[in-house]
Amino acid sequence: MLSYILRRVVATLPVMAIVALFVFSLLYIAPGDPAVVIAGDQASPEDVERIRQSLGLNRPFLVQFGSWVWRILHGDLGTSIFTNLPVSAMIGQRLGPTLSLMIVTLLLTIVVAVPLGVVAAWKAGSLIDRVIMGFAVFGFSLPVFVVGYMLAYIFALELEWLPVQGYTPLSSGFWPWLENLILPAVALGCVYIALVARITRAAMLEVLQQDYIRTAKAKGLGQGGILFIHALKNAAVPIVTVIGIGIALLIGGAVVTESVFAIPGLGRLTIDAILRRDYPVIQGIVLLFSFVYVLVNLMIDVVYTLVDPRIRY
Amino acid sequence: MDRRTVLKGLAGAGGLALTGLSAPAIAQGASARTLRFVPQANLANFDPIWGTQYVVRNAAAMVWDTLYGIDSSLQPQRQMVESEEVTDDGTTWTFKLRPGLKFHDGEPVLSKDVVASLTRWSARDPMGLMIKALQQELTAVDDRTFKWVLKQPFPKMLYALAKNNSPCGFIMPERIAQTDPFKQITDYVGSGPMKFAKGEWVPGAKAVFEKFTDYVPRQEKASWLAGGKQILVDRVEWIVMPDPATAAAALQNGEVDWWESPIADLVPVLKKNKNIGVDIGDPLGNIGSFRMNHLFAPFNDVRARRAVLMALSQEDYMRAIVGDDTALWKPLPGFFTPDTPLYSEAGGEILKGKRDFDAAKKLLAESGYSGQPVTCLVAQDQPITKAQGDVTADLLKKLGMNVDFVATDWGTVGSRRAQKTPPGQGGWNMFHTWHAGADCINPAPYTAIRANGDKAWFGWPNSPGTEKEVASWFEAKNLDEEKAAIGRLNKAALDDVVYAPTGFFLSYTAWRKNVSGITKGPLPFFWGVSKSA
């Protein structure tokens, strides 16, 4: 297993290299010029050119790419064109809110979606199943921002239970941290809960028709034991897969959620950087997200071996 | 149903629910010594000379003081300067600083700091560049006196040092001001009434300013950038909110105290809340515009440009930008900001009255237009440009023009508009923008009105008549001469259609009613603003 993990980690390097080349090339050929944005409307073409020179944007593609790769290899993601702050520091500032949002959303999803999917499968065809699946369709169909505004209206403006916006770090206390994350996590989690609940139901339905489930029932095992110990474990592979895939959804959804709830996370940083053509920041974030995605896939593969001992690499 | 409709509906519902029944909100117990402010945009950098965005200027006005400050009557007033003298021939200016001025690190403000600051500023500012071109020497005479010797008079010297247009002549310590003007500073030690808390700065999310207790305000009443800048709170927090509905909800909920620029759609909701005050923020407003490329057909022919102007309905543009609130816009048959001393409608008949499409089509045909595509750049991520672009596309189609509508983002427009290549080869025929009214009160900061061909702003208009009157204004010795020059300038610029003004529009600002002292102006002024619990 260890050698497999090592092999997979090494295999991520060419993937990351291709991502890096792709991202860098895409930004190079994309229209827009950060020097123009910096210089402002009053600037002359000479001013813009001087700014471009001072930022090194007038150098040939290969020189710029080589210099960027060299810095990356030395652990330096570069400096933001606009803020003049190290990209790593900017990502560090924003990582906490995004990680918090993703973790709370993920936990909420697992805690809500998996039991819902199990119950829906257990009561397949019943009213409960229809209600749960109806909720799933609803959750999957509603855009995150609509859910976000509705939640903010009800729980912040009407009931005044929770704040409308912002983020408080965990170091300021558990409740202040959590109260800022509840509404965004529910808004972001809706789609994800719907997806995981549907997959769980489908996987459980298949497993519940297996002979060993009938045997378990014949042995007199309790319903809970059959569902959550025998059936769920055997249905876990597709569920784990979709949870992993869903992390990509979370990354995308975080961009909107962070804007709606004014959370200073990586999603907002990404949008701001794209609109201003802050190339080093965009490159740094895309590399980070790519790495996270590759890592999540690796973790899913490892989890497969835990839930299904027949899987070996 | 789009996102904007949803947020408007929900914010509206929230507003109705709160009207008259607002209970104390969660965050209202926060210290009355901290003012929480939602700025118009993200403070992405903090060098007001290197980056000329208005949001940077607005923040910098708290942190760095200026030698002179423009007041609400648009006149320059002494600020850091105690006195000035100018020789009879107008070529030598001698300035003396007020005593007791200090930087945020406790060091005194000295003439050498001023000389370094003005040197950096004059390398980037259009008026500074004009002074620099005339400069013989700029030297520190002693710790509080400095001298600017010119080769010929520059009558607008005090205005240049006082103006609120970006970049302003902010005074920094010499060691910071010696930074290349094309490189960003990293040290934010200022001379103004508030200190920048660099450690708390999260670009894109938050910026914090703390009261500088050693600041020595002037004794006069504050008026815009002039007078006594008394800070009445300990801390000002800028909280960046990209989503207007969130900002509206946060203001209603008491999580923020002041929202600089609420969008027009949400203002009715805010007005219904008894805890919120709403008023026009900047009386100088904005001028909508689109620019035509004077280098290429069809708009290299003045008849084609005038044909567009003849058919253009400013009301259509203004309603597209600000909606049906007629208090927020007015027609503008000219180029200068309404209700300011130099406003003129000379030559503006072409923009007045019923729109004459038949005459416009005839004139367009006379210009030789024969159906070639007109590349119209429209930034979709800026509500103002998007609204104007949609109206223009409709206008051009009604004129029988073949519109190549390029829907893109502002970053792309920003770089593509600088291209002088033909429209089919990466260039363009039209793009939309707007100008702060504060930049359009006279020709000094008004880059967009210049018509000196290759050196002019994008579109590169070449109108010797316009340029002649710009020069006349700079040479004018009194207000009457200035007004006469501007009248001629306005007419010449309209005759040659330097650009197309689409109207004058205003925007609101909104605040919790426990905040007082907010004044109307071209930027948010934090001096004199206080907050009760």
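Numbers at a glance
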{"item": "Residues satisfying the stated conditions in region B:414-453, i.e. outside any loop (DSSP other than H, G, I, E, B) and either touching a His at 6+ places or on another chain (Cβ under 6 Å) or at the interface with chain A (Cβ under 9 Å from one of its Cβ atoms) (or both)", "result": "B:414, B:415, B:416, B:433, B:435, B:439, B:447, B:448"}
{"item": "Set B:502, B:433: member being at pLDDT 95 or above and touching a strand residue (DSSP E or B) at 6+ places or on another chain (Cβ under 7 Å)", "result": "B:502"}
{"item": "Sole exception among (1) within 14 Å of chain B (Cβ to nearest Cβ); (2) over 26 Å from the mean Cα position of the chain (by Cα); (3) not β-branched (Val, Ile, Thr) for residue A:27, by number", "result": "(2)"}
{"item": "Top-ranked residue of region B:104-121 - restricted to ones that are surrounded by fewer than 23 Cβ atoms within 10 Å (Cβ to Cβ) and within 28 Å of the chain's Cα centre (by Cα), ranked as nearest to residue B:51 (Cα to Cα)", "result": "B:119"}
{"item": "Pairs with Cβ under 6 Å, 6+ apart, first in region B:412-428 and surrounded by fewer than 18 Cβ atoms within 10 Å (Cβ to Cβ), second aromatic (Phe, Trp, Tyr)", "result": "B:422/B:296"}
{"item": "Sole residue being more than 8 Å from chain B (Cβ to nearest Cβ) and touching a Ser or Thr at 6+ places or on another chain (Cβ under 9 Å), chosen from A:77, A:73, A:99", "result": "A:77"}
{"item": "Whichever residue in region A:263-313 is of a type in the set (Ser, Thr, Tyr), assigned to a helix (DSSP H, G or I) and more than 11 Å from every other protein chain (Cβ to nearest Cβ) and, among such residues, is farthest from the chain's Cα centre (by Cα)", "result": "A:305"}
{"item": "Residue match in region A:127-142 (condition: within 14 Å of chain B (Cβ to nearest Cβ) and more than 28 Å from residue B:203 (Cβ to Cβ))", "result": "yes"}
{"item": "Inter-residue pairs, beta-carbon under 8 Å, first within 8 Å of chain B (Cβ to nearest Cβ) and in region A:44-62, second of a type in the set (Val, Ile, Thr), 6+ apart", "result": "A:48/A:36; A:51/A:38"}
{"item": "Residues of region A:172-210 that turn out to be within 20 Å of residue A:123 (Cβ to Cβ) and hydroxyl-bearing (Ser, Thr, Tyr), as a count", "result": "1"}
{"item": "Some residue of region B:226-237 being within 14 Å of chain A (Cβ to nearest Cβ), assigned to a helix (DSSP H, G or I), of a type outside the set (Ser, Thr, Tyr) and surrounded by fewer than 23 Cβ atoms within 10 Å (Cβ to Cβ)", "result": "no"}
{"item": "Some residue of region A:233-244 being within 14 Å of chain B (Cβ to nearest Cβ) and in a helix (DSSP H, G or I)", "result": "no"}
{"item": "Qualifying residue in region B:85-93 (condition: under 30 Å from residue B:111 (Cβ atoms), in contact with a Leu (Cβ under 8 Å, 6 or more places away or on another chain), at pLDDT 95 or above and assigned to a strand (DSSP E or B))", "result": "yes"}
{"item": "Listing of helices (runs of 4 or more DSSP H) fully contained in region A:1-85 that carry 3 or more residues being over 30 Å from residue B:42 (Cα atoms)", "result": "A:2-29, A:61-73"}
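Residue by residue, here is whether (1) within 19 Å of the chain's Cα centre (by Cα); (2) of a type outside the set (A, V, I, L, M); (3) modelled with pLDDT of 95 or more; (4) surrounded by fewer than 23 Cβ atoms within 10 Å (Cβ to Cβ) holds:
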residue	(1), (2), (3), (4)
B:268	no, yes, no, yes
B:278	no, no, yes, yes
B:287	yes, no, yes, no
B:299	no, yes, yes, no
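The values are calculated or read from the model by the stated rules, or taken from the named source; none is laboratory data. Keep in mind that what you see is a predicted model, and the values were worked out from it rather than measured. Every residue, glycine among them, receives a Cβ derived from its backbone with ideal geometry; neighbour counts consider all protein chains shown.
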